[in-house]
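Here, each number is a calculation from the coordinates, and none is a lab measurement. This is a predicted model, so every value here is computed, not measured. Note that we place each Cβ from the backbone using ideal geometry, even for glycine, and neighbour counts take in every protein chain shown.
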Amino acid sequence: MSYVRPAFRHPESKTNAEGFTRQDYEGALSTLCAGCGHDSVSSGIVDACFELGVWPHRVAKISGIGCSSKTPTYFLGKSHGFNSVHGRMPSVATGANMANGEMAYIGISGDGDSASIGLGQFGHVARRNLNMVYIVENNGCYGLTKGQDSATTDVGSKSKKGDPNPFEAIDLCAMALQLGATFVARSFSGDKEQLVPLIKAAMTHNGFAFIDVISPCVTFNNTPASSKGYEFVRDHIEATGKMDFVPVRSEITANYEPGFTKEITLHYGSVIHLYKDDKLDCTDRGSAMRAIQEHNDKGRILTGLLYVDPDSKDFHKVQQTVKQPLRDLDEEDLCPGARALNAINGSLR
Amino acid sequence: MKRIESVNEFVIRFANVNGTGSASANAMFAKSIFRMGIPVSPKNIFPSNIQGLPTWYEVRVSEKGYLGRRGGVDIAVSVNPQSMAQDIGDLNPGGYFIYDNTKPLDLRLHRDDVHLIGLPLTDICREEYTESRQRQLFKNVIYVGALAALIDIEFSVLKELVDEQFKGKEKLVASNIHALELGYQYALKNFECPIGVRLERRDAVGDKIIMEGNDALALGAVYGGATVVAWYPLTPSTSVVESFEKYAKRLRIDPGSGDRRYCVAQAEDELAAIGMVIGAGWNGARSFTASSGPGLSLMAEFLGLAYFAEVPAVLFDIQRAGPSTGMPTRTQQSDILAAAYASHGDTKHVLLIPSDPKECFEMSADSFDLADRLQTPVIVMSDLDLGMNDNMCDPLVWDEEREYDRGKVLSKEELENMSERYGRYLDVDGDGICYRTLPGTHPDKGAFFTRGTSRNEYAVYTEFGEAYVRNMERLAAKFETAKTLMPKPEIRRAKKPTSDGIIYYGSSNSASLEALDMLEADGLHLNAMRLRAFPFAQEVVDFIDQHERIVVIDQNRDAQMRKLLIIECEVDPKKLLSYTHYDGMPMTALGAASHIAKLFGSSNVTPLRKKKAGEKA
């Protein structure tokens, strides 16, 4: 982390379509360790929001507890944030979304928060297909309590403490797929070129969009024998077909880079372009599950967009709630009044 | 042989097998008495089971209007061989034992001080019906028909109830009335009708209604503007949410689109349920969950967050017998301390304590105003007795002029016109309650970070001890403000001056009022106070100060409300005596009266029965 962020901004800073500069999406200064992968994810979120032109105050940031869950302070300073209790971010996000389905919700969690204490809530928010972006900053260890193994630590992986982890790792992408998530991706905090378009696509998706971001812990789990260290990840990473995200407002020209062969149109008309990949069909859940397994068997980490259901129906749609945010309804909309109550009294005699 | 003689004052208890369809026949029985203008109070005593275990339905009939359990049984209707020994044993001398005499009564069960009335229910059904389910279901309707003859239920009232229940299904109406006739005619032919205990039409019910407390809580939530509901099924709270959905489907549908003006999520557990409520409250929607003791324990961490981060939330706690799984289908008031101080650290919560369905309705609607006004969780403390039994009460009332109190929430315009820096936890008004903003209100003013960690007045994270203490002191000041907003206790003065009193709350109300009358008749005059909320209003402290000795009635072992009063009102513990009743059954007036008399050293009132396990004075 840099100790003091300069207040100076170039007077001609670029603005996006909504007239915001990148600075409008920044948050407070990070207090994480220098070189922490999480700061790259925060920066990726800032880039994605800036490029998409979302209104900062129409986004809510929600997190649980842990290093990752501290990060919502470090991006989107004009948005409301809620740092809740350990492993329970999904329920708070669910309630917030039920109250107002018009806003965007970004949930930030970690591997301890989502794969251990919050595994239940993670699974259930996925199967409810809540309209939110759910990012796990996955470093395979408990950073804030000084480096214990987590449930996503791979078998045999060694953290700074030096003992190989004996327990099977939980693959959150595989779980999310199995439980009905309608957008599943994996990325690496060191690969912003891939991460930023993934976040943009996730924010545009209408339903539960999950991104598992491998985000190394420089202090406790960046050893040569750790499978979540920078070195190991760089050596073993393999991306699904390269992807690009085209927001709905952009003019779609015919000048795609050669090789883009698949187009997926999302709910509001934005488009994901994918390079052809023979092995993976991103609109087929089974194909995504097989691809993850095959790469895992070979000791490789498959990143990129794994699955998307462009026809996804989110929780509000399933629940048939009114279009207007529930929180904006008033007495007139909600209270049936004295006459109806008298009729009910009559039925209770 | 002695014969109990009584008009419109008696207790009848039905003994059935769970899952045999007895509930609707028994409910029809109780409703018919209510329709005859006689106050009635049924209690469903059921097992944690779907089919096969014993279940009872005890009905208090009281022209005088006593609605609590009295104690003792005058008529037993025994349709369950499993519990027959207990059912005949519990009968008062001179009482009536109505049983299925298809098989002769076991000689060992015979009592020569009770009247046996045998109805060959199984035989009648075998002759009339071919299907086994019909034989089982109509058995219940037949004994109701027999009772109509035996105790003078107006047959036209029963017919009217059958018509209403099976409206539009003529075949079912006919077959049910036929079954009623079968029982009625058999009893007329074989017994001298009516027996000593009987009914006479009165006009003692007025415009009163009869409903379950859970139903009333749900309706209060509909009227109070709740839109987000999250829950996990748990007896005895389940019917709160089911009832909310029932009413919302009728009353909360957008006429244009047919869409819902509410959203219900069945959560994965109680932790998620309260998490959703807090998320919705933070985002400005009125939201609630309903649960019982085990759920309250699970919600403790989140309740602490909502207290500390100051997020409105409403929880309906329908208490049951604890600890642990306890007796899951029996009643108690044993979550008082757990709710008042739920969560670690210095935490306190607002409790509302209703005592009848009307108050359930009112306190439910009020809880949303209070949660918004105080920006904190409000827990409504009902229990299984109040929640799951039909309780008679005054009709529900809604003031058309009433507006929701959304508390201190800054609008976009207010933020726009604000010249000073906005501080989420800045006590501008000096009442401990700060101004909050909702996500998405203003493009660049009013955003803040909500957290369970310490922060300063501007919602900025801090571990600076002075800032932490300032915040905790302000939260304490807010709780003082809460005292002024709580519903006042209900105080009832004795006919003669006295320095002795009793304190009770919640579902103990009816039995306590009857006990007071019994004691007064025996010359023991007591002032009485019914608690309705925590934190305690000044009136509560004053009442305690004005008396020398006070008995606090608790339906739990540890006298939890007594302890809460001692802690919070700094009372000399010696001054507060205790009567506790916690065997899982609603307490009885006779039990309360005899124990209170003993506590005050008055021997005038003699208990009708020996002390049972789970009762102490």
### Summary
In nm, the gap between the two label points placed 7 Å beyond Cα toward Cβ at B:Ala494 and B:Ser132 is 6.0
### Query
If you place +1 on the Cβ of every Lys and Arg, -1 on the Cβ of every Asp and Glu, and leave all else neutral, what size is the dipole of the range A:22-321 about its Cα centre, to the nearest 20 Debye?
640
### Message
Suppose the chain between A:Glu231 and A:Asp163 were pulled fully straight at 0.36 nm per residue; how much longer would it get relative to their current alpha carbon spacing?
### Response
22.6 nm
### Query
In degrees between 0 and 90, to the nearest 10, how far off the longest principal axis of chain A does helix A:37-52 point, with axes built from Cα atoms?
50
## Note on the structure
For chain B, whose charge dipole is built from +1 on Lys and Arg Cβ atoms and -1 on Asp and Glu Cβ atoms, the candidate among B:Ala30, B:Cys434, B:Tyr307 with its Cα farthest towards the positive end is B:Ala30
### Task
Any chance you could give the angle, 0 to 90 degrees and rounded to 10, that helix B:155-165 forms with the longest Cα principal axis of chain B?
40
### Task
Show that you can apply the helix-only estimate: for the protein assembly as shown, add -39,500 (n - 2.57) for every DSSP H stretch of four or more residues, divide by all residues, and state [θ] at 222 nm to the nearest 500.
-10500 deg cm²/dmol
### Which of B:Trp282, B:Trp398, B:Trp56, A:Trp55 has the fewest Cβ neighbours within 10 Å, and the rest in rising order
A:Trp55, B:Trp398, B:Trp56, B:Trp282
### Inter-probe distance in nm under a simple model that places probes 7 Å from Cα toward Cβ, at B:Gln266 and B:Leu172
2.3
### Task
Would you please name the GluC sites (Glu not before Pro) within the range A:84-178 that are DSSP coil residues with at most 11 other C-beta atoms within 10 Å of their C-beta?
A:Glu168
### Task
Give the shape of the range A:22-321 as rounded, prolate or oblate, defined through the alpha-carbon gyration tensor: a ≥ b ≥ c are the square roots of its eigenvalues, a/c under 1.5 means rounded, and otherwise the shape is prolate if a/b is larger than b/c and oblate if not.
rounded
### Query
Do any trypsin sites (Lys or Arg not before Pro) in the range B:482-555 lie in a loop, going by DSSP, with at most 11 other beta-carbon atoms within 10 Å of their beta carbon, and if so which?
B:Lys495
### Query
Hey, got a sec? Which chymotrypsin sites (Phe, Trp or Tyr not before Pro) in the range B:440-501 land in a DSSP loop and have at most 16 other Cβ atoms within 10 Å?
B:Tyr458, B:Phe464
### Query
Mind checking the mean number of beta-carbon atoms from other chains within 10 Å of the Cβ atoms in A:52-62?
3
## Note on the structure
Residue separation between B:Asp259 and B:Asp106 times 0.36 nm, minus their alpha-carbon distance, gives in nm 49.0 nm
### Query
Along the positive direction of the dipole of chain B (beta-carbon charges: Lys, Arg +1; Asp, Glu -1; about the Cα centre), which of B:Gly326, B:Thr347, B:Leu188 reaches farthest?
B:Leu188
### Message
Once R0 is set to 22 Å, what does the formula 1/(1 + (r/R0)^6) return for the Cβ-Cβ distance between B:Lys249 and B:Asp399, expressed as a FRET efficiency to the nearest 0.05?
### Response
0.30
### Task
With no solvent and one equal point scatterer placed on each C-alpha of the range B:67-205, evaluate the Debye formula and give log10 I(q)/I(0) for q = 0.09, 0.13, 0.15 Å⁻¹, two decimals.
-0.30, -0.62, -0.82
#### Entry: Percent of beta bridges antiparallel (DSSP, the protein assembly as shown, rounded to nearest 5)
35
### Task
Work through the residues other than A:Ser189 whose Cβ is under 10 Å from its Cβ and net out their charges, Lys, Arg +1 and Asp, Glu -1.
-2
### Query
Rounded to the nearest 5, what is the percent of antiparallel bridges among the DSSP beta bridges in the range A:22-321?
35
### Selection from B:Tyr143, B:Val241, B:Ala467, by position along the positive dipole direction of chain B (Cβ)
B:Tyr143
### Task
Could you check what % of the DSSP bridge pairs in the range B:6-198 are antiparallel, to the nearest 5?
50
### Message
What does the net charge come to around B:Asp317 if you take all other residues with beta carbon closer than 14 Å to its beta carbon, with K and R at +1 and D and E at -1?
### Response
-3
### Query
Given +1 on the Cβ of Lys and Arg, -1 on the Cβ of Asp and Glu, and no further charges, what dipole in debye does the range B:521-604 carry about its Cα centre, rounded to the nearest 20?
220
### Summary
For B:Ala477, placing the label point 7 angstrom along Cα-to-beta-carbon and taking the range B:358-391, residues whose amide nitrogen sits under 12 Å are none
### Message
What does the net charge come to around A:His57 if you take all other residues with beta carbon closer than 11 Å to its beta carbon, with K and R at +1 and D and E at -1?
### Response
+2
### Task
Can you figure out the FRET efficiency of B:Asp558 with B:Thr325, using R₀ = 22 Å and their beta-carbon distance, to the nearest 0.05?
0.75
### Message
To test your reading of the geometry: what angle, between 0 and 90 degrees and rounded to tens, separates the Cα axis of helix A:337-347 from the longest principal axis of chain A?
### Response
80
#### Entry: Pair A:Asp297, B:Lys575: separation of 7 Å Cα→Cβ label points (nm)
7.9
### Summary
Measuring from its Cα centre, chain B shows a charge dipole (+1 at each Lys and Arg Cβ, -1 at each Asp and Glu Cβ) which, in debye to the nearest 20, is 1260
